[in-house]
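So the structure is just underneath, and the comments pick up after that.
The values are calculated or read from the model by the stated rules, or taken from the named source; none is laboratory data. Source: prediction; values computed, not measured. Neighbour counts run over all protein chains shown; Cβ positions are idealised from the backbone, glycine included. Surface accessibility is based on the protein's heavy atoms, side chains included, excluding ligands, DNA and RNA. Shrake-Rupley method; radii C 1.70, N 1.55, O 1.52, S 1.80 Å.
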Amino acid sequence: MSSSGNLIHQAFHRAQFENFSKKKIEEYDLIFEFGGGYGAMCNLIHNLKFKGKYIIFDLPEFCALQKFYLSANGLITSKGYNEYEERNCIFHFNRVGSEIINMFKNIDNKKCLFIANWSLSESPINTRNSITSYLASFSGVMVAYQQYFGEMDNIQYFNIFKDNFIRINNWNNYHIPHMINNYYLFGDE
């Protein structure tokens, strides 16, 4: 398997989260990634033998890019990216609603991880609030963010963000050592 600077950075995020949580990401039953870039994190986690449901929620243009990249890596079947897949499900950004609500029913006893590497911190507040309203029963959070995005103070936002989770009582919010004014927020049961 070849590598790239981005893939190494994704592996670094994963390693930092696992060091904090003392859990392997591939042990989760469901992973919900908000804003998946071209699909590098999804590909990395599947290469590490993840067998659960992996959902990427993104803009239509990025969904097309993810479909191409993940198909080239054998992770999406011919069903297409608008349907449930055996291992992946990618939704268009404007399709939030009953599909996500149905997927997140009955997850109280499952290990579910929310991933948002810079995507949530770069979204409008109404989008952030609509996504986080579905995450209350998740058992893990792996977020990376910049201190400010426009007028938004993300440090203040993510301090409040933690209150949305009913299962998570262990949080760590810290500066990413190699990136000025960028931070991790990790949460675990």
How many residues, within segment 114-141, are over 12 Å from the mean Cα position of the chain (by Cα), under 22 Å from HIS9 (Cα atoms) and not hydroxyl-bearing (Ser, Thr, Tyr)? 1
When segment 8-42 is examined, which residues are found to be surrounded by fewer than 18 Cβ atoms within 10 Å (Cβ to Cβ) and closer than 16 Å to HIS178 by Cα? ILE8, HIS9, ALA11, PHE12, ALA15
Does PHE161 meet the test of being of a type in the set (A, V, I, L, M, F, W, C), closer than 20 Å to GLY35 by Cβ and open to solvent by less than 20 Å² (accessible area, probe 1.4 Å)? yes
Considering only segment 136-157, state which residues are in contact with a strand residue (DSSP E or B) (Cβ under 8 Å, 6 or more places away or on another chain) and assigned to a strand (DSSP E or B). GLY140, VAL141, MET142, VAL143, ALA144, TYR145, GLN146
Selection from segment 107-128 of residues crowded, with 16+ Cβ neighbours inside 10 Å, out of contact with any strand residue (DSSP E or B) (no Cβ under 7 Å at 6 or more places or on another chain) and assigned to a helix (DSSP H, G or I) yields ARG128
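In segment 17-39, what count of residues is obtained for those that are over 27 Å from PRO124 (Cα atoms) and either part of a loop (DSSP other than H, G, I, E, B) or over 13 Å from the mean Cα position of the chain (by Cα) (or both)? Before the answer, list the steps.
The initial filter retains those residues of segment 17-39 that are over 27 Å from PRO124 (Cα atoms), namely 18-29.
Pick out the ones that are also either part of a loop (DSSP other than H, G, I, E, B) or over 13 Å from the mean Cα position of the chain (by Cα) (or both) and you get 18-24, 26-29.
So the count comes out to 11.
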Any residue that is of a type in the set (A, V, I, L, M), under 23 Å from PHE104 (Cβ atoms), part of a loop (DSSP other than H, G, I, E, B) and open to solvent by 10 Å² or more (accessible area, probe 1.4 Å) - is there at least one of those in segment 45-61? yes
Among residues of segment 68-77, those that are closer than 23 Å to CYS112 by Cα and either in a loop (DSSP other than H, G, I, E, B) or open to solvent by 70 Å² or more (accessible area, probe 1.4 Å) (or both), counted: 2
Identify all residues within segment 41-73 that are of a type in the set (Phe, Trp, Tyr) and more than 13 Å from the chain's Cα centre (by Cα); write none if there are none. PHE50, PHE62, PHE68, TYR69
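Residue by residue, here is whether (1) of a type outside the set (Phe, Trp, Tyr); (2) in a strand (DSSP E or B); (3) touching a residue at least 12 places away in the same chain (Cβ under 8 Å) holds:
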{"position": "SER130", "(1), (2), (3)": "yes, no, yes"}
{"position": "TYR134", "(1), (2), (3)": "no, no, yes"}
{"position": "ASN159", "(1), (2), (3)": "yes, no, yes"}
{"position": "TRP171", "(1), (2), (3)": "no, yes, yes"}
{"position": "TYR183", "(1), (2), (3)": "no, yes, yes"}
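Criterion first (in contact (Cβ under 8 Å) with a residue 12 or more places away in the chain, on the phi < 0 side of the Ramachandran plot and of a type in the set (D, E, K, R)) does GLU151 satisfy it?
Details: in contact (Cβ under 8 Å) with a residue 12 or more places away in the chain: no; on the phi < 0 side of the Ramachandran plot: yes; of a type in the set (D, E, K, R): yes.
The answer is no for GLU151.
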